[in-house]
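**Q** Structure in structure tokens, see below.
The values are calculated or read from the model by the stated rules, or taken from the named source; none is laboratory data. Just so it is clear, the structure is predicted and the values come from calculations on it, not from any experiment. Virtual Cβ from ideal backbone geometry, glycine too; neighbours counted across all protein chains shown.
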Amino acid sequence: MNASISLATASGTSRREVAVTSVESTIVDVPTVRRHKLSQTSVTAQNYVIVRVRLANGVEGIGEAATLGGPRWSEESVEAMKANIDAYLAPAIIGQRADVFEVVGERMDQAAKRNNAAKAAIETALFDAVGKTVGLPASSLLGGAVRASIPVLWTLASGDPAQEIEEANAKLEARLHRTFKVKIGAQAPEADMARMARLATALEGRADLIVDANQAWDETVSVKCLAQLGEMGIRLVEQPVPAWNLEAMARLRARPGTPPLLADECVFDHHDMLRVAQAAAADAISLKLVKHAGLIGVRKVAAVAEAAGIQLYGGCLLESSVGAAAHLQVFSTFRRLEWGCEHFGPQILTGDLVTEPLVFRDFEVHLPSGPGIGVVLDEDKIKHYARR
Ligand code: MUC
Ligand code: MG
């Protein structure tokens, strides 16, 4: 029998009922509680594209694409994403079955090169809608959750060590976070090293520290700084050199005293991951929907990393509870997630976008239990934060 002729799903929903009837994109801007400074940009508001996909059965699915300071962290901006979703990606999938994720992915790839964050938001909305249709969490469609909560870190990024120590102490006190990622590279390396030494001393024995240079250094500066960071006991160093320079990452990694290296901007798809593995350029990979074009893409990159013995780190781009929930759905399916995750995003916003924000407790973030990605949009909040 031709499998495509069989229309019944587990819940009795016909395949025709899961055809995509509309795709809607909305730009929202949500202020952050403080300025967040990276090497290449600095933000006081997070910009997202919220995608809603409607199916013929009336079920709506939601997804989110995040950016950090416009097209500076990567090439996508919310304005470009909205334009490309509306003009190219939505027409490519309207009328298609939502539950054949690979087919939809291929159609989107034919309609637009890269645009990974935009594609991820749409694919997330499809997983949400299909999960809601069959009454299962997206994690079940991705292999099944093996954990209900994940250790979550907090990022210190004001650039002012006194403020950062106070912020870290408050998070420790509230039992929210006990690993802190410090954003470095916006100031001179000497100033960052002095800042890190202060933080390491103030938090010694109470918290773990990692750093993210967001590609700020060259190899010469990295040689010097990585040795110093190693002596300070920094647990992990993320993307010290430009994304193109895998050879430098590999040489730095081979030096005695270098802390483990985390690949971020140098890995967008699974082909990039393979090149990093072949070059022995990283100890761990930061997995993000905006880079890997969707939940399936996250699993593909993770599979290549696992095959090479490279550890997994649940990355973020300061998503709201919408994007964070989507990441948790896929992260929860990994047998190993050595470095936990950094989905503190909902906590750095002055307001969230969902009716029940994610739960942060005892240094972990909890997987929501509902169907699909497990969160529901708060329509008043969307109206409030929507760009006019
Ligand atoms: C990045 O480069 O990792 C994630 C957390 C944060 O503070 O910045 C981001 C992006
Ligand atoms: Mg990074």
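**Q** Among what's in segment 43-65 and is more than 20 Å from Ala129 (Cα to Cα) and out of contact with any His (no Cβ under 7 Å at 6 or more places or on another chain), pick the residue that is surrounded by the fewest Cβ atoms within 10 Å (Cβ to Cβ).
**A** Of the residues in segment 43-65, the ones more than 20 Å from Ala129 (Cα to Cα) are 43-47.
So of that shortlist, the ones also out of contact with any His (no Cβ under 7 Å at 6 or more places or on another chain) come out as 44-47.
On the way: Thr44: 11, Ala45: 14, Gln46: 26, Asn47: 22.
Among residues in segment 43-65 that are more than 20 Å from Ala129 (Cα to Cα) and out of contact with any His (no Cβ under 7 Å at 6 or more places or on another chain), the one surrounded by the fewest Cβ atoms within 10 Å (Cβ to Cβ) is Thr44.
**Q** While we're on this one: Return a yes/no flag: does segment 158-170 have any residue that is of a type in the set (Ser, Thr, Tyr) and either within 16 Å of ligand 2 (Cβ to nearest atom) or over 19 Å from Glu238 (Cα atoms) (or both). Let's see the steps before the verdict.
**A** To start, the set of residues in segment 158-170 that are of a type in the set (Ser, Thr, Tyr) comprises 158.
If we keep only those that are either within 16 Å of ligand 2 (Cβ to nearest atom) or over 19 Å from Glu238 (Cα atoms) (or both) as well, we get none.
Checking segment 158-170: not a single residue is of a type in the set (Ser, Thr, Tyr) and either within 16 Å of ligand 2 (Cβ to nearest atom) or over 19 Å from Glu238 (Cα atoms) (or both).
**Q** In addition: Within segment 343-355, how many residues turn out to be touching a residue at least 24 places away in the same chain (Cβ under 8 Å) and outside any helix (DSSP H, G or I)? Quick ask: steps written out before the conclusion?
**A** From segment 343-355, those touching a residue at least 24 places away in the same chain (Cβ under 8 Å) are 343-354; that's our starting set.
Then keep just the ones that are outside any helix (DSSP H, G or I); that gives 343-344, 349-354.
Selection size over segment 343-355: 8.
**Q** Moving on. Return the only residue of Ser158, Ser222 being within 12 Å of ligand 1 (Cβ to nearest atom) and of a type in the set (Ser, Thr, Tyr). Working first, answer last.
**A** Numbers: Ser222 fails: within 12 Å of ligand 1 (Cβ to nearest atom).
Within the list Ser158, Ser222, the selection yields Ser158.
**Q** For the condition free of Cβ contacts under 8 Å to residues at least 12 places away in the same chain and either more than 16 Å from ligand 2 (Cβ to nearest atom) or assigned to a helix (DSSP H, G or I) (or both), what is the one hit in Asp99, Asp109?
**A** On the way: Asp99 fails: free of Cβ contacts under 8 Å to residues at least 12 places away in the same chain.
Among Asp99, Asp109, only Asp109 is free of Cβ contacts under 8 Å to residues at least 12 places away in the same chain and either more than 16 Å from ligand 2 (Cβ to nearest atom) or assigned to a helix (DSSP H, G or I) (or both).
**Q** Considering only residues that are within 14 Å of ligand 2 (Cβ to nearest atom), crowded, with 19+ Cβ neighbours inside 10 Å and outside any helix (DSSP H, G or I), which ones fall in segment 234-252? Spell out how you get there, then give the answer.
**A** Of all residues in segment 234-252, those within 14 Å of ligand 2 (Cβ to nearest atom) come to 236-243, 249.
Cutting the leftovers down to crowded, with 19+ Cβ neighbours inside 10 Å gives us 236-241, 249.
Once the filter is applied, which keeps residues that are within 14 Å of ligand 2 (Cβ to nearest atom), crowded, with 19+ Cβ neighbours inside 10 Å and outside any helix (DSSP H, G or I), segment 234-252 yields Leu236, Val237, Glu238, Gln239, Pro240, Val241.
**Q** If you don't mind, another one. Whether any residue in segment 327-336 is within 16 Å of ligand 2 (Cβ to nearest atom), more than 22 Å from Asp208 (Cα to Cα) and in contact (Cβ under 8 Å) with a residue 12 or more places away in the chain is what I want to check.
**A** yes
**Q** In addition: Only one of Val104, Val78 is surrounded by 15 or more Cβ atoms within 10 Å (Cβ to Cβ) and touching a Ser or Thr at 6+ places or on another chain (Cβ under 7 Å); which? Give the steps one after another, and end with the answer.
**A** Working: Val104 fails: touching a Ser or Thr at 6+ places or on another chain (Cβ under 7 Å).
Selected residue: Val78, the only one of Val104, Val78 that is surrounded by 15 or more Cβ atoms within 10 Å (Cβ to Cβ) and touching a Ser or Thr at 6+ places or on another chain (Cβ under 7 Å).
**Q** Okay, moving on. Which one is nearest to Ala281 (Cα to Cα) among residues in segment 214-224 that are in contact with a helix residue (DSSP H, G or I) (Cβ under 8 Å, 6 or more places away or on another chain) and within 16 Å of ligand 2 (Cβ to nearest atom)?
**A** Only one residue tops the list, namely Ser222.
**Q** Any residue at all in segment 46-55 that's modelled with pLDDT of 95 or more and part of a loop (DSSP other than H, G, I, E, B)?
**A** no
**Q** Let me ask another. Pick from segment 259-304 the residues that are touching a residue at least 60 places away in the same chain (Cβ under 8 Å) and within 16 Å of ligand 1 (Cβ to nearest atom): which of them is surrounded by the fewest Cβ atoms within 10 Å (Cβ to Cβ)?
**A** The residue in question is Phe268.
**Q** Follow-up. Of Val322, Val365, which residue is in contact with a strand residue (DSSP E or B) (Cβ under 9 Å, 6 or more places away or on another chain), outside any helix (DSSP H, G or I) and either away from ligand 2 (no atom under 16 Å from the Cβ) or on the phi > 0 side of the Ramachandran plot (or both)? Walk me through it before giving the result.
**A** Details: Val322 fails: outside any helix (DSSP H, G or I).
None of the others qualify; the one that does is Val365.
**Q** When only residues in segment 176-195 that are within 16 Å of ligand 2 (Cβ to nearest atom) and of a type in the set (A, V, I, L, M, F, W, C) count, which is surrounded by the most Cβ atoms within 10 Å (Cβ to Cβ)?
**A** Within segment 176-195, the subset within 16 Å of ligand 2 (Cβ to nearest atom) is 179-186, 192.
Subset that is of a type in the set (A, V, I, L, M, F, W, C): 180, 182, 184, 186.
Working: Phe180: 23, Val182: 22, Ile184: 29, Ala186: 18.
Ranking the candidates gives Ile184 first.
**Q** Could you tell me whether segment 34-47 includes any residue that is more than 16 Å from ligand 1 (Cβ to nearest atom) and not hydrophobic (A, V, I, L, M, F, W, C)? Talk me through it step by step, then tell me what you get.
**A** Just the residues of segment 34-47 that are more than 16 Å from ligand 1 (Cβ to nearest atom), to begin with: none.
No, there is no match, as no residue in segment 34-47 is more than 16 Å from ligand 1 (Cβ to nearest atom) and not hydrophobic (A, V, I, L, M, F, W, C).
**Q** Among the candidates Ala118, Ala138, Ala112, Ala162, single out the residue that is in contact with a helix residue (DSSP H, G or I) (Cβ under 9 Å, 6 or more places away or on another chain) and surrounded by fewer than 15 Cβ atoms within 10 Å (Cβ to Cβ).
**A** Values: Ala118 fails: surrounded by fewer than 15 Cβ atoms within 10 Å (Cβ to Cβ); Ala138 fails: surrounded by fewer than 15 Cβ atoms within 10 Å (Cβ to Cβ); Ala112 fails: surrounded by fewer than 15 Cβ atoms within 10 Å (Cβ to Cβ).
Only one candidate qualifies: Ala162.
**Q** On to the next question. Return the residues of segment 253-274 that are away from ligand 2 (no atom under 16 Å from the Cβ) and outside any loop (DSSP other than H, G, I, E, B); say none if nothing qualifies. Give the steps one after another, and end with the answer.
**A** So the first thing to find is which residues in segment 253-274 are away from ligand 2 (no atom under 16 Å from the Cβ), and the list is 253-258, 269-271, 274.
Matches in segment 253-274: Arg253, Ala254, His270, His271, Leu274.
**Q** Restricting segment 325-342 to residues that are within 17 Å of His270 (Cβ to Cβ) and either of a type in the set (Gly, Ala, Ser) or not in a helix (DSSP H, G or I) (or both), which is farthest from ligand 1 (Cβ to nearest atom)?
**A** Thr333
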